[in-house]
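Since the structure comes first, as structure tokens, the remarks are kept for the end.
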Amino acid sequence: MNKVEPTLEAAILRAKTIAAPEILLAFKQDYASYDDLLAATEKSYSQLVVTNLSMFKGRIKVILVGETLGF
């Protein structure tokens, strides 16, 4: 539940500022500075897909887990 945001804009901001840097750090990349990490983060979310309407009913399912997992 720690990944659920109230708006699409907040979710995108979270993906860019929290999730992307954490994923890069999880891969244990070495960055000379925080600025290098930010530059790598900018490239890490170059593709963002938002599904608004599916042509096939029931194709997409969201499972909410009532506990804090990941980052």
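The table for this structure:
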{"quantity": "Accessible area, probe 1.4 Å, largest first, for residues THR7, THR51", "calculated": "THR51, THR7"}
{"quantity": "Residues LYS57 and LYS3, FRET efficiency given R0 of 22 Å [Cβ-Cβ distance, rounded to 0.05]", "calculated": "0.30"}
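The values are calculated or read from the model by the stated rules, or taken from the named source; none is laboratory data. On a predicted model such as this, the values are computed, not experimentally measured, just so you know. A quick note on method: Cβ atoms are made from the backbone with ideal geometry, for glycine too, and the neighbour counts reach across all protein chains shown. Side chains included, ligands, DNA and RNA excluded: accessible areas come from the protein's heavy atoms. Shrake-Rupley method; radii C 1.70, N 1.55, O 1.52, S 1.80 Å.
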